[in-house]
1. For residues in region 145-176 being within 14 Å of the chain's Cα centre (by Cα) and assigned to a strand (DSSP E or B), which is farthest from the ligand (Cβ to nearest atom)?
2. Which of the residues spanning region 22-70 are polar (S, T, N, Q), over 30 Å from VAL321 (Cβ atoms) and touching a residue at least 40 places away in the same chain (Cβ under 8 Å)?
3. Might you check whether a residue that is in contact (Cβ under 8 Å) with a residue 12 or more places away in the chain, surrounded by fewer than 24 Cβ atoms within 10 Å (Cβ to Cβ) and farther than 27 Å from ALA452 by Cβ occurs anywhere in region 164-184?
4. Looking at region 285-343 only, could you name the residues that are of a type in the set (Asp, Glu) and within 16 Å of the ligand (Cβ to nearest atom)?
5. Taking only region 177-187 into account, find how many residues are assigned to a loop (DSSP other than H, G, I, E, B), within 14 Å of the ligand (Cβ to nearest atom) and either touching a Cys at 6+ places or on another chain (Cβ under 6 Å) or within 11 Å of GLY165 (Cα to Cα) (or both).
6. For region 206-220, which residues satisfy the criterion of being within 11 Å of the ligand (Cβ to nearest atom) and surrounded by 17 or more Cβ atoms within 10 Å (Cβ to Cβ)?
7. Does any residue of region 308-319 turn out to be in a loop (DSSP other than H, G, I, E, B) and among the polar types (S, T, N, Q)?
8. Scanning for something without any contact (Cβ under 8 Å) to a residue 24 or more places away in the chain, within 30 Å of VAL483 (Cα to Cα) and over 23 Å from the mean Cα position of the chain (by Cα), does region 106-126 turn up at least one residue?
Amino acid sequence: MSREQEVVEACPAELFIAGKWRAAEGGKTLAVEDPSTGTTLCEVADASPADGLAALDAAVEAQADWAATPPRERGEILRRTYELMTERADDLALLMTLEMGKPVAESKAEIAYASEFFRWFAEEAVRIDGGYQIAPNGKGRFLVMRQPVGPCLLITPWNFPAAMGARKIGPAVAAGCTMVIKPAAQTPLSMLKLAELMTEAGLPPGVLNVITTSDSGGVMEPLIRDGRSRKLSFTGSTPVGQKLIEQSAEQVLRTSMELGGNAPFLVFEDADLDQAVAGAMLAKMRNGGEACTAANRIYVHSSVMDEFATRLTERMSALTVGRGTEDGVDLGPLIDAKQRDKVKELVEDAVDRGARVLTGGTVADGNGYFYPPTVLADVPKTARLQKEEIFGPVAPLTAFDTEDEAVAMANDTEFGLVSYLFTKDVNRALRVSERLESGMVGLNQGIVSNPAAPFGGVKHSGLGREGGSVGIDEYLEIKYIAVAQD
Ligand code: NAP
């Protein structure tokens, strides 16, 4: 048996409910595909709405005991999870590459990133504090405590199959919440494996329940409307997020929403171009462009445009495209045919409206959902990809002449997750950072994600923050006790 088959065989393929692995109602399964070949890797359980309710029952049942567990104990389970992920990074990365497609080196980077959330929140579990205050009139005392929100529903996308779950599970466990998590049907394996590993790390039955399903709406809506869950944390597209906010209104659920992006990447005339090109490669090509933080619109001052375009094109055309499991591959396939066709359509639309292809731009024949690294110049404001998330390896370049014009173009979107800005002028750096309408700014760097920093967006990019010292707040309620005092 090949190592690839071994890691797939070693991955649980059933639902994880109340600490037990079990088949879906009626034994239904769904196929998991390798996007680099289009062939089926394995089958996993396909949960029904009744299975979903069983998972919520388990989370509700476990909540009181879990909330009463000493914070140190919760922290140590998280710490052991971090250690196990680090020890087994090679196998976890291979499994991720098989289901998601990115090169193994990138999967390893994601496993490291995901595991850091467990380390970070292991340290946060023992720092949940409160307050003591004398009433202004001196006649009473206020005690303020923070308690777990209660059973949580967590929904994650396919693009970062481990990290998007870790960003939610880490703080939920630290805070003392139980949960039902539903990974994307296209990439369930990394989450199933993580549940197995957290059990080994000592997580008690019922705290983390995993359901995989081909009917995400049908299974999740009854849980959202159930009234026993108290929180929904979602990472995914804005239209689905909007629908889930509406569903959450009925039971007035706490919601955290990590939604779509349309990141502008600004290169001013005084930027260090080596740094800017390196930053653009990271901001554009991390995860093959399938990231909410991906640079979606690259705006370059007209005086440095030619130089920047030439250097970026050289770097992009030097990338090796192929199956993520092969040595030397820089770029794997997109997740599916739909995504590849969307990228193709967006590029064709830009070209029809006057953009020039500097490299890439055509889909090669063969199996798998590959799209080549592509650079487009002279992309007009009217091109669809200036408004829509590309989610692929396409870098659209547009020139600007003034700072005001650059900021106006950057903010001309309903999204507001992250912006990137390259300049050596400190005054401009701060001035423009303040004017950009986004939850995060990458200043002279093409990557902002860090478990110790508050990740999240404004406008249609979402609500709430994940990571940093505020990440745990999303899973805690504040209770204030008014104490009589003569
Ligand atoms: P998606 O279609 O919104 O799916 C995200 C998750 O929601 C999946 O688990 C999906 O399950 C589930 N889902 C879909 N419809 C649902 C419904 N009606 N009820 C309950 N769950 C439902 O997004 P995607 O295409 O997987 O992910 C890409 C998007 O995620 C991009 O817009 C990207 O920007 C965003 N994203 C944001 C962040 C951030 O931190 N802001 C991070 C990563 C990705 P199924 O796929 O199994 O149906």
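Nothing in this text is a laboratory measurement; each read-out follows from the coordinates by a stated rule. A quick note: this is a predicted structure, and the numbers were derived from the prediction, not measured. No Cβ is skipped: glycine too gets one built from the backbone with ideal geometry, and neighbour counts run over all protein chains shown.
1. Among residues in region 145-176 that are within 14 Å of the chain's Cα centre (by Cα) and assigned to a strand (DSSP E or B), the one farthest from the ligand (Cβ to nearest atom) is LEU154.
2. SER48, GLN63, THR69
3. No, region 164-184 has no match at all.
4. Within region 285-343, GLU290, ASP336, ASP341 meet the criteria.
5. Of the residues in that region, 2 qualify.
6. ILE211, THR212, THR213, SER216, VAL219, MET220
7. No - not one qualifying residue is present in region 308-319.
8. no
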